[in-house]
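All remarks here apply to the structure that follows.
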Amino acid sequence: MESADTDAAQPRMLVIARESRGMTQGRLAEVMQELDDPGSKVSQGYVSRAEAGRLAVSGDRLALYAQALGYPVPLLRVGTQEVGAGVGLVHHRKKQAASAGDLKRIHALLNLTRIQLRALLASAPKRETTGIPQVAVDELTTAADAAKQVRAKWDAAGGPLESVVAMAEDLGAWVTCRRLVAPVPLDSGAESVPVDAVSCALAGEDPLVLLNSGTPAERQRFTLAHELGHMVMHQVPHPEQEKQANAFAAELLMPRRQIRAELSSGALSVPRLLDLKARWQVSMWALLRRAHTLGIISDWQYRTLAVEMSSLGYRTSEPGTFDAETPTAVTSMISQQLEQGREIPELASAAYLSQDEFVDLYLSCPVPPRPAQLTVLSPRP
């Protein structure tokens, strides 16, 4: 359980809670004024001083703060080891540069999820996992080699992985889905920055991955494989870590030997990429890049197919959709506690959430049946 030794708010937690809601200091002050008595003296300056630790927030003012943020008062008293840019080893997978505001909100969600899970795990049975292997990539060991080691650890040397989520969770990671970027009004003219995932793996903690709930299923699988690559290879930052994580994901999801044989068995075309997508459960673009990287198609063939796919609108939305994988480890852990007699209000309080938000975040999806061990889809005859 996180420490909460004082009745006053922890300044840094005030920041994390506000940023997790996507609120500026000025907007928070406005909400507090609306909730406060007439003539309220709450201002943006007050919020700024509170977050800087230049004044204590306690009593009625702390209750007002919590009400405005939509969190229980105890959360604002929590002190925690924080992860974030320049603080901990945090990895992102995104299509383009995210704004500072987006990243602050995402880091805040990551930190709050860590706090919530740590509190829930304090009274939960310890789960059994095989452990995430640690592979140092160097002149002799490539990212693809690391992916092969992970597949071998799971005795998954054959065709497409049935579930990347199952692999990550059974190796020891916690995987949850969150809306990582706040919705943008349709008439604003702005576009939401697509951050696909954020993850962290601190010493003494199980790795945690937040997947963007709005990402297509095929991209989610590659994204999670990418984040798993960081867990396996990058205990310390590396200048080539994003490139290495992509190479790891490509080999994990599309093993060189098997995918080369299938990509080489006939002329590569858009319809054929669509068929392969259904089998390997990766995007058509990932398959096209894999064919190019493995030298199965030339630069000219790659560009020709890329232009054709772009003209069909496949850069933003591909055909051949399938259901996203559902994380189960967190929900299973909570369900076990409910079966042992704990109540939802008690668990919500432990996780520093209102009952409604706790149910929405952690119990909105039923736990699907899981196989006894991870399996792979058998290769086509």
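The values are calculated or read from the model by the stated rules, or taken from the named source; none is laboratory data. Fair warning: this is a prediction, and the values are worked out from it, not measured in the lab. Cβ placement follows ideal geometry from the backbone for every residue including glycine, while neighbour counts extend to all protein chains displayed. Each accessible area value is taken on the protein alone, full model and side chains, heavy atoms only, with ligands, DNA and RNA left out. Shrake-Rupley method; radii C 1.70, N 1.55, O 1.52, S 1.80 Å.
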Determine how large the accessible area of Arg303 is when every protein chain is in place; take a 1.4 Å probe and give Å² rounded to the nearest 10.
140 Å²
Take each uninterrupted DSSP H stretch in the chain, measure its Cα extent along the helix axis, and return the ones at 30 Å or beyond whose mean Kyte-Doolittle hydropathy is at least -0.5.
100-121
Net charge around Gln337, counting only other residues with Cβ within less than 15 Å of its Cβ (Lys, Arg = +1; Asp, Glu = -1)?
+1
Linear extension gain, Leu274 paired with Arg303, 0.36 nm per residue minus alpha-carbon span:
8.7 nm
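Just order 227-234, 140-147 by mean Cβ neighbour count inside 10 Å, highest at the front, would you? Before the final figure, lay out each step's value.
On the way: 227-234: 26.1, 140-147: 17.9.
Peptide ranking by packing, descending: 227-234, 140-147.
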What's the lysine pair count for the chain at a Cα cut-off below 25 Å, pairs eight or more apart or interchain?
13
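Over the chain, give the accessible area per residue in Å² for a 1.4 Å probe, as an integer. Intermediate values should be presented prior to the final figure.
Working: 18250 Å² over 381 residues.
In whole numbers, the chain has 48 Å² accessible per residue.
Of the peptides 13-19, 121-127, how do they stack up when ordered by the mean number of other Cβ atoms within 10 Å, highest first?
Details: 13-19: 23.1, 121-127: 12.6.
So the order, starting with the most tightly packed, is 13-19, 121-127.
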Spelling it out for Asp196: with amide H atoms placed in the peptide plane at 1.01 Å from N, the residues 5 or more places away or on another chain with amide H under 5 Å from its amide H are Arg93, Lys94, Lys95
Putting +1 on Lys and Arg Cβ atoms and -1 on Asp and Glu Cβ atoms, find which of Thr328, Val307, Ile296 reaches farthest to the positive end of the dipole of the chain.
Ile296
How much accessible surface does Glu240 have with a 1.4 Å probe, in Å² rounded to 10?
90 Å²
With all protein chains present, how much of the accessible area of the range 303-354 (probe radius 1.4 Å) comes from carbon and sulfur, to the nearest whole percent?
50 percent
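Where the accessible area of the range 206-286 is counted over protein heavy atoms with a 1.4 Å probe, how much of it, in %, is carbon and sulfur?
Details: 1600 of 2850 Å².
Using a 1.4 Å probe with all protein chains present, the range 206-286 comes out at 56 percent carbon and sulfur.
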In the list [x] 22.9, 77; [y] 21.5, 73; [z] 20.5, 78, the entry giving Rg and Dmax of the Cα atoms in Å computed from the coordinates is [x]
Amide H of Trp174: which non-local residues (sequence gap of 5 or more, or other chain) have their own amide H closer than 5 Å, using H built in the peptide plane?
Leu208, Val209
Solvent-accessible surface (1.4 angstrom probe) belonging to Phe322, in square angstrom, nearest 10
50 Å²
Gaussian network model of the chain, Cα springs within a sub-10 Å range: biggest mean-square fluctuation belongs to which of Leu112, Leu211, Leu62?
Leu62
